[in-house]
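To keep things clear, I will list the structure first and then write my remarks on it.
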Amino acid sequence: MALEKIEKANDIKNLTPEELAQLPQEIRDFLIDTISHTGGHLASNLGVVELTMALHLVFDLPKDKIVWDVGHQSYTHKILTGRKDKFEGLRSYGGISGFPKREESECDCFGVGHSSTSLSAGLGLAFAREINGDDYHVVSVIGDGSLTGGMVYEALNNAAALKSNYMIVLNDNNMSISENVGGLSDHLSVLRTSRGYTGFKEGLQTSLEKIPGIGNGLVSGLRKMKSSVKHLMIPGMIFEDLGVLYLGPIDGHNIDDMVKVFKRAAQYKGPVLVHVLTEKGRGFDPAVRHPSRFHGASPFDKEKGLPLTSTNPSYTDIFSTVMRKMGDRDDRVVAITAAMMDGTGLKRFHNMFPERFFDVGIAEEHAVTFAAALASQGLKPVVALYSSFLQRAYDQVLHDVCVQNLHVVFAIDRAGLVGKDGVTHQGVFDISFLSTMPNMTIMAPKNKYELSDMMKFAVDFDGPIALRYPRGEAIVDYEEYRSDIVLGKAEPMVEEGDVLLFAIGSMVDTAMKVREALLEQDIHVAVCNARFAKPLDETYIKEAAKRYKVIFTLEENAISGGFGEHVLSVLNQSEYKGRCEMIGIPDEFIQHGAPGVLKENLKIDTKGIVERVLSVLK
């Protein structure tokens, strides 16, 4: 097998033509077989097998630098740089990451995980090359969906100043996670049909150059007027208007063609973009038909393309149901997401109320300011984003929503430890950064019933309000604890003993399990569901300060700036004489791994917290 001969970077260059021809299928078979067991990003990786091979055939790694935008499509790159044998631990604790990581391989020149960063990073590497007097190529590979991110155009604007070679490979599969939307997607649709233009341009140049004496002069003159021809043949050639040479589109599954174009582009003095057309999910029919489902796939039956296990409704599913009901009840409710319609559960809302649904593409900053303007006109916008993606719109949340005290609902999915996607996706900072903002209200539900109640409360609220909930199956216990949601009021669940577990969101379930474990040792503790991270129930906290000798705060968020620190501040103001212990995410970045494993290692699982309580009580 050709794949067995790939043990380190550049081994692909030693394969025979026959081995190169069979390698794409071997890689696809390996990816499908592996990811069906481990889970991971399948559709995107199946689409870039030949593209990655062509890059590795042309460039010399790790000397040359390849920057992958987002990085979820880098599995073939990892295989071709000698990491095939580590794929059985893909995205598992201690195993290889699903994204490029500098700590993992010197062939991963820049760590990534979020969209639209590769051009800025690549340009930085190119300018560093000039300053340091080095000699290497820099290539940024970016998907068409990432072009909606504003950083791309900030980088392109800067790229015109570069006088040496820098290559951008546009991987155009007409899909990001959800189907691409907007004017840029339409622009690329025009480019995809422009083969006549590229063939005409190259054929004309070749013919004119053959004219004795005047051919080269004519070509030079035509180059000066190429803008007119270009805009006549392909309206809105945005890349060349920004000073970036455009080549393509070319077939992203034809290795020979890509190798030729990449070699030619590598000789150009300045930034050049190669437009490559690929098919997401190629080689696995279920992924071709349902690319969103196989974007980040759970383990699946590779024969049927179906998940191996059925799951109970997730928090995302509950949010989806409630949003549909909210849309039906109030025609001022509008929904906004950033290329994550399926991931955030807004597909049903979109199907029922298409005129009130907005997918703005991968543009979180725009999504928030857009929502603020909608709110200023009396609408009730719900912005559904993953916690780690909301970070990108910090400035807009602060300036455009909170400063104006506008009623925007932030539905923050994947809050807390998300697990296998790792350090760039852990949603453990939202309480910390949102709680610094005046006018902001922050809630977190303990179970599926409270998520529903809180969504209804948020839609009817007046002002900026955030509702954070975790990834995965929703807690269905504790239905008996369902008092009305009142602004800034906690929900005492068990009141006994002289130790209090004051928990918020997902950690309420953990607190109740800790209580049950301690009862087996005849230790009685109280449990309170905070409900609100901001405003805190200061009245309850001050009363708790009089009653409990030890108060533990529990949160699936960074301790630094988080829920616990704010509770401690209130306790200090009350001159609390007892002991406050904060349990949450320490001041470090959390790597990839199953959430249960991560919680165990961080000692924020039931066992770890029981040990912490017993240690304090001693």
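Just checking, does the range 269-278 include any residue being assigned to a loop (DSSP other than H, G, I, E, B) and within 23 Å of the chain's Cα centre (by Cα)? Even if it seems obvious, please write down each step before you answer.
First, pick out the residues of the range 269-278 that are assigned to a loop (DSSP other than H, G, I, E, B): 269-270, 278.
From what is left, the residues that are within 23 Å of the chain's Cα centre (by Cα) are 278.
Looking for residues that are assigned to a loop (DSSP other than H, G, I, E, B) and within 23 Å of the chain's Cα centre (by Cα), one finds at least one in the range 269-278, hence yes.
What pairs can you find where one residue is in the range 350-376 and closer than 26 Å to residue 151 by Cβ, the other is part of a helix (DSSP H, G or I) and charged (D, E, K, R), and their Cβ atoms are less than 7 Å apart, with a gap of 6+ or different chains?
Qualifying pairs under 7 Å: 364/392; 365/392; 368/400; 369/400; 372/400.
Which residues, counting only those in the range 37-60, are surrounded by fewer than 24 Cβ atoms within 10 Å (Cβ to Cβ), hydroxyl-bearing (Ser, Thr, Tyr) and modelled with pLDDT of 95 or more?
Selection gives nothing.
Restricting attention to the range 537-578, which residues are among the aliphatic types (A, V, I, L, M) and surrounded by 23 or more Cβ atoms within 10 Å (Cβ to Cβ)? Reasoning before the result, please.
Within the range 537-578, the subset among the aliphatic types (A, V, I, L, M) is 541, 544-545, 550-551, 554, 558-559, 567-568, 570-571.
Of everything in the range 537-578, those that are among the aliphatic types (A, V, I, L, M) and surrounded by 23 or more Cβ atoms within 10 Å (Cβ to Cβ) turn out to be 541, 544, 551, 554, 558, 567.
Only residues in the range 256-270 that are free of Cβ contacts under 8 Å to residues at least 24 places away in the same chain count as the first member; pair them with residues that are surrounded by 14 or more Cβ atoms within 10 Å (Cβ to Cβ), Cβ under 7 angstrom, at least 6 apart or cross-chain, and list the lot.
Every condition considered, the pairs that remain are 257/250; 257/251; 261/247; 261/250; 261/274.
Given the residues 539, 553, which is the only one that is within 25 Å of residue 608 (Cα to Cα), modelled with pLDDT of 95 or more and not aromatic (Phe, Trp, Tyr)?
On the way: 539 fails: within 25 Å of residue 608 (Cα to Cα).
After applying the criteria, what remains is 553.
Please tell me if residue 286 is farther than 16 Å from residue 31 by Cβ and out of contact with any His (no Cβ under 9 Å at 6 or more places or on another chain).
When the stated conditions are applied, residue 286 does not pass them.
Where residues in the range 75-95 are charged (D, E, K, R) and part of a helix (DSSP H, G or I), which of them is nearest to residue 148 (Cα to Cα)?
78
Do we have residue 561 as assigned to a loop (DSSP other than H, G, I, E, B) and touching a residue at least 12 places away in the same chain (Cβ under 8 Å) here?
So residue 561 fits the description; yes.
Just to check your reading of the model, which residue among 327, 283, 248 is among the small types (Gly, Ala, Ser), assigned to a strand (DSSP E or B) and in contact (Cβ under 8 Å) with a residue 12 or more places away in the chain?
Result of the check over 327, 283, 248: 248.
Table: residues versus (1) touching a residue at least 40 places away in the same chain (Cβ under 8 Å); (2) buried (at least 18 other Cβ atoms within 10 Å of the Cβ); (3) assigned to a strand (DSSP E or B); (4) of a type outside the set (Ser, Thr, Tyr).
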residue: 62; (1), (2), (3), (4): yes, no, no, yes
residue: 67; (1), (2), (3), (4): yes, yes, yes, yes
residue: 73; (1), (2), (3), (4): yes, yes, no, yes
residue: 97; (1), (2), (3), (4): yes, yes, no, no
residue: 100; (1), (2), (3), (4): no, yes, no, yes
residue: 113; (1), (2), (3), (4): yes, yes, no, yes
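The values are calculated or read from the model by the stated rules, or taken from the named source; none is laboratory data. No experiment lies behind these values; they were computed from the predicted model shown. With ideal geometry, Cβ positions are generated from the backbone for all residues, glycine too; neighbour counts draw on all protein chains shown.
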